[in-house]
1. Specify the residue that is modelled with the lowest pLDDT; the eligible residues are those in segment 246-260 that are farther than 13 Å from LYS208 by Cα and open to solvent by 10 Å² or more (accessible area, probe 1.4 Å).
2. Collect the residues in segment 105-156 that are assigned to a loop (DSSP other than H, G, I, E, B), open to solvent by less than 70 Å² (accessible area, probe 1.4 Å) and modelled with pLDDT of 85 or more, keeping them in residue-number order.
3. If GLN195 satisfies every condition in (1) touching a helix residue (DSSP H, G or I) at 6+ places or on another chain (Cβ under 9 Å); (2) part of a loop (DSSP other than H, G, I, E, B); (3) polar (S, T, N, Q) but one, which is the exception?
4. GLY207 fails exactly one of the following numbered conditions: (1) part of a helix (DSSP H, G or I); (2) open to solvent by less than 60 Å² (accessible area, probe 1.4 Å). What is the number of that condition?
5. Let me spell it out: the conditions are (1) open to solvent by 60 Å² or more (accessible area, probe 1.4 Å); (2) touching a Gly at 6+ places or on another chain (Cβ under 7 Å), and ILE194 meets all of them except one. Which number is the exception?
6. Which one is farthest from ASP279 (Cα to Cα), of the residues in segment 92-104 that are surrounded by fewer than 20 Cβ atoms within 10 Å (Cβ to Cβ) and modelled with pLDDT of 90 or more?
Amino acid sequence: MMLLNSLASLYFLAAVAFAVPAQEKRIHHQPDLSDHAHDDAHSFQYDHEAFLGKEEAKTFDQLTPEESKDRLAKIVDRIDTDKDGYISHGELHYWIKHRQRRYIEENVNKHWKDYDKNQDDKISWEEYKNTTYGYYLGEDFDDVDDKETYKSMLKRDERRFKTADRDSDGIATREEFTAFLHPEEFDYMKDVVIQETVEDIDKNGDGKINLEEYIGDMYTAEDGESEPDWVQTERKHFSEIRDTNKDGYLDANEVGQWVLPGEVDHADNEAKHLIHETDTDKDERITKKEILANWNMFVGSQATNYGEDLTKKHDEL
């Protein structure tokens with residue numbers, strides 16, 4: 001039995017290595033520019049991810065301030081598409097959107113080679129299922145401690161894959177696979193995004209989200225710890241903003257308004273924010289000099305983990 005359990009553990013690790021990362025399975029918010037709160041009073045971490053892209057996050061300590069400024073200057077030259085020496089709101093907005101698109105493209109490419117086993121430039125449900133869950137489909141699956149969890153994950157993946165597969169042929173094109181990995185980017189995947197969000201937060205299984213489930217998904221108090229101010233703010237947001245019909249719960253429609261607010265353009269807001277914080281002469285555009293004077297906002301600080309873009313050649317961005 002010990003040998004069987006050891007083998008099961010090895011297969012578990014192999015499956016996890018191929019499986020889509022948990023943070024990608026969990027669709028909780030619109031494709032934010034960062035996983036971190038936008039709070040410049042504590043760090044510039046949100047700004048860094050928004051400007052450089054999530055996938056490029058890396059320990060910033062490997063670069064000196066001088067190296068960072070030098071490489072940032074090269075990126076600024078790319079953002080200034082009309083080469084007038086100024087970064088306008090439009091240019092910065094376009095750049096941030098570009099980094100979002102590149103993040104998604106690179107993420108899909110990274111997973112594509114793992115799943116397209118026959119290299120026909122398509123991924124069938126069978127290819128994905130066998131690569132991710134192959135061992136757990138066999139008879140020995142019953143000996144795995146977390147079998148119910150993986151059965152649930154398999155069912156959830158299949159539902160999402162079938163929704164992404166618009167022509168229902170059991171095969172995902174690159175666009176359909178992109179919808180599978182990043183459903184928040186596609187209107188026709190909206191119901192899946194909402195359903196998964198409710199399932200993840202709804203702990204009592206009643207199909208809706210109450211206040212404690214909403215808060216509990218973001219924060220768990222330690223013994224004797226007082227509740228932070230931001231949690232109190234979230235409690236107010238739940239009752240005053242999220243719960244539009246004031247019944248004490250978030251239903252599917254309210255969750256949709258929360259996680260997929262279509263009218264919100266985060267890239268536009270971030271571009272405005274960066275210009276506001278950097279534009280010292282208040283002419284509503286920023287120069288390379290102004291950006292480099294605020295390099296830690298765009299690049300990193302000792303409190304953050306950034307720099308991957310700065311380790312790349314600028315034509316790779």
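The values are calculated or read from the model by the stated rules, or taken from the named source; none is laboratory data. Small disclaimer: the values here were computed from a predicted structure and weren't measured. Reconstructed Cβ throughout: ideal geometry from the backbone, glycine too, with neighbour counts over all protein chains shown. The protein model used for the area step is the full one, side chains on, heavy atoms only, and it has no ligands, DNA or RNA in it. Shrake-Rupley method; radii C 1.70, N 1.55, O 1.52, S 1.80 Å.
1. Taking segment 246-260 as the starting set, the residues that turn out to be farther than 13 Å from LYS208 by Cα are 246, 257-260.
The next check asks that each one be open to solvent by 10 Å² or more (accessible area, probe 1.4 Å); those that pass are 246, 257-258, 260.
Values: LYS246: 97, GLN257: 92, TRP258: 92, LEU260: 88.
This residue is LEU260.
2. We begin by selecting, within segment 105-156, every residue assigned to a loop (DSSP other than H, G, I, E, B); these are 116-122, 138, 144-146.
Within this subset, residues satisfying the condition of being open to solvent by less than 70 Å² (accessible area, probe 1.4 Å) are 116, 138, 144.
If the condition is that a residue be assigned to a loop (DSSP other than H, G, I, E, B), open to solvent by less than 70 Å² (accessible area, probe 1.4 Å) and modelled with pLDDT of 85 or more, then ASP116 is the only one that fits.
3. (2)
4. (1)
5. Only one criterion in (1) open to solvent by 60 Å² or more (accessible area, probe 1.4 Å); (2) touching a Gly at 6+ places or on another chain (Cβ under 7 Å) is unmet by ILE194, namely (1).
6. TYR94
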